[in-house]
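Laboratory data are not the source of any read-out in this text; all were calculated from the coordinates shown. Source: prediction; values computed, not measured. All Cβ positions, even for glycine, are placed from backbone atoms using ideal geometry, and neighbour counts span all protein chains on display.
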Amino acid sequence: MNEIRVLVADDRALIRSGIRAHLEDLPGLQIVAEARDGPEALRLIRQHQPDVALIESAMCKLNGFEVTARVKKECPMVQVIVLSTHAEEECLMQAMSCGAAGYLTMAASGAELRLAVKTVANGMTHVCSSARRQTPDSVQFRTADETLARLTPRQREVLKLIAEGNSTKQIALRLNISAKTVETHRMLLTDRLDIHDTAGLVRYALKAGLIGLDD
């Protein structure tokens, strides 16, 4: 497996050093740069093209949501994990709508941080459990509900598991079906929803209330 190259962006030196301490000894991972604010994060991401960028949501000059949106337009291969002190559904939705592949609160453990970096580097999505717990069961999104009705029960199961960050192999094991069948369900549901990237599927699953209720 290729080395995972990571950039860390936070305006607090103590937070940056803490993240580095959790990640720098992980085999196959390299911290390529650290940024102290939004503009510096953008400049260094353009320069280094990291595999994963850890971006704090409330940075000065240019906040993490704005940085994430610009990164996804200018450097689409860079996977962004938004770091936030907030676990509220609104902040999570804002991060995902900007194109983030992951969302972690500051309450996340070092183990979850490492898992999130590995997960998004492999093209999947990671939302920390503390944020998922805050998503209210009562939230209704009419647009998502309308398109959700076009999916079969099995396609909804596959969508939910994709949005929770499971790989094709993991979904196959969970549902006791073949990996090829999982890929077929994924192809059909992405065609019906007209959503063809994992981050988009996660945003849709959040809007439809398929994830955020189980932890």
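Antiparallel versus total DSSP beta bridges in the chain: what percent is that, nearest 5?
Roughly 0 percent of the DSSP beta bridges within the chain come out antiparallel.
Show which lysines lie in cross-link reach of LYS207 when reach means a straight Cα distance below 16 angstrom and same-chain residues fewer than eight apart are skipped.
Correct list for LYS207: LYS160.
How much length is gained on full extension from GLU3 to SER97, taking 0.36 nm per residue of separation minus their Cα-Cα distance?
Computed gain between GLU3 and SER97 is 31.0 nm.
Taking the highest mean first, how do the peptides 192-201, 89-98, 169-178 order by number of other beta carbon atoms within 10 angstrom per residue?
89-98, 192-201, 169-178
So for the range 1-79, averaging the separation of alpha carbon pairs under 8 Å that are six or more residues apart and normalising by length, what relative contact order in percent results?
Contact order relative to length: 33 percent.
Pairs of alpha-carbon atoms within less than 8 angstrom and 6+ residues apart define the contacts here; what relative contact order does the chain have, in percent?
16
Give, in nm to one decimal, the length gained when the segment between MET187 and ALA107 is fully stretched (0.36 nm per residue of separation minus the Cα-Cα distance).
That works out to 25.3 nm of additional length.
Which whole-number percentage describes the relative contact order of the range 32-132, with Cα contacts under 8 Å and a sequence gap of 6 or more?
24
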